[in-house]
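The structure appears below as structure tokens.
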Amino acid sequence: MHILSTKDLPDSYLDRLYGRTLDIEKYSYRYTDALKGKVLANLFFEESTRTRISFETAMYRLGGQVLSPNIKDSSLVKGESIENMIKTISQYADVIVIRHPVEGMVSKLAKHSDVPVINAGDGANEHPTQALLDLHTMLKFNQKELFERTNLMFTGDLLYSRTIRSLLYLIKRYTDIRVCFANDIEEKNIPFSEYFIADEKSIPEFLSATDILYMTRNQKERHIEGKNDTKFILTSELADTMPDHAIIMHPLPCNDELPEEINNNPRAKYFEQVKNGLWTRMAILWLMLRDYDNK
Ligand code: NCD
């Protein structure tokens with residue numbers, strides 16, 4: 001099974017993934033040889049810190065190995081098609097992780113692979129494994145039973161954020177979450193019947209009632225710089241107007257919207273997201289390459 005979008009992930013998969021992620025976090029020493037002999041290929045046609053390195057670390061911590069070919073030194077330079085490159089790599093690896101700047105490209109390439117493909121971000125479209133680790137973090141830190149009457153606010157570049165798009169498909173399964181978008185978002189893409197759109201300027205008024213604040217940076221590489229830029233900056237004063245139990249999330253990297261002083265705020269959970277990303281990706285790889293019973 002490929003992982004290309006969060007849209008098509010069954011509830012049963014999410015349950016198994018959540019349980020497995022918790023187990024791996026608690027008993028990671030039991031998994032050190034779980035994927036011994038397996039090989040992951042990381043193919044990144046766009047920059048990355050967390051996603052690429054966490055897949056790499058996840059595979060090593062499960063006892064597997066990683067290929068990270070340098071795209072610039074590959075036969076693409078000799079005019080080989082990217083489709084044939086994927087077909088070739090799928091003869092060597094057991095799983096291929098692909099990030100590409102063009103929307104829909106990873107799904108297209110997956111059709112040429114003989115092994116499972118994981119979408120590590122395709123343009124402004126989707127980033128399913130980020131959404132899975134985000135949901136895991138929310139479930140872990142939100143103190144309300146299954147998001148009962150939980151207010152979730154999204155800020156930043158909602159139009160071009162692939163992490164938000166993938167996350168929306170997941171959280172729409174939790175009907176008690178009340179979602180507020182503090183910015184422009186194409187309404188046709190929102191998979192809910194009920195939601196609230198606020199003006200960016202009114203974010204401070206909403207913070208005292210926000211349980212989960214999910215911020216994103218301006219995706220400058222996907223639009224003309226300045227054109228869609230959002231201006232909201234979370235200062236320490238504003239963060240302290242949020243309830244004590246509230247959590248601040250961000251897929252990272254962040255820019256001006258999230259000053260470093262917030263890193264020490266007890267509500268800040270974005271480095272926990274990074275850590276959960278490792279456990280979640282270990283669980284994703286384990287389910288994909290090892291969970292024979294559920295194939
Ligand atoms: C995000 C991405 O690449 O989509 N980062 C990530 O994978 N953690 C968010 C971003 O680039 O803004």
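The values are calculated or read from the model by the stated rules, or taken from the named source; none is laboratory data. Remember, it's a predicted structure, so these values are computed and weren't measured experimentally. Don't worry about glycine lacking a Cβ; one is built from the backbone with ideal geometry, like all the others, and counts go over all protein chains shown.
Summary of values
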quantity: Failed item in (1) away from the ligand (no atom under 13 Å from the Cβ); (2) in contact with a Lys or Arg (Cβ under 8 Å, 6 or more places away or on another chain); (3) within 26 Å of Leu252 (Cβ to Cβ), with His136 passing the rest; calculated: (2)
quantity: Of residues in region 90-107 being of a type outside the set (Ser, Thr, Tyr), in contact with a strand residue (DSSP E or B) (Cβ under 9 Å, 6 or more places away or on another chain) and surrounded by fewer than 20 Cβ atoms within 10 Å (Cβ to Cβ), the one nearest to Gln65 (Cα to Cα); calculated: Asp94
quantity: Exclusive hit being of a type in the set (Ser, Thr, Tyr), within 12 Å of the ligand (Cβ to nearest atom) and buried (at least 17 other Cβ atoms within 10 Å of the Cβ), set Thr150, Thr163; calculated: Thr163
quantity: Residue selected from region 44-72 under the condition within 18 Å of Asn119 (Cβ to Cβ) and among the aromatic types (Phe, Trp, Tyr), by the criterion surrounded by the most Cβ atoms within 10 Å (Cβ to Cβ); calculated: Phe55
quantity: Filter result for Tyr31 (crowded, with 18+ Cβ neighbours inside 10 Å and not charged (D, E, K, R)); calculated: yes
quantity: Selection status of Ser113, surrounded by fewer than 20 Cβ atoms within 10 Å (Cβ to Cβ) and of a type in the set (S, T, N, Q); calculated: no
quantity: Given (1) in contact with a helix residue (DSSP H, G or I) (Cβ under 6 Å, 6 or more places away or on another chain); (2) of a type in the set (Asp, Glu); (3) within 29 Å of Asp94 (Cα to Cα), number of the condition Glu261 does not satisfy; calculated: (3)
quantity: Unique residue being crowded, with 19+ Cβ neighbours inside 10 Å and modelled with pLDDT of 95 or more when the list is Ile185, Ile262; calculated: Ile262
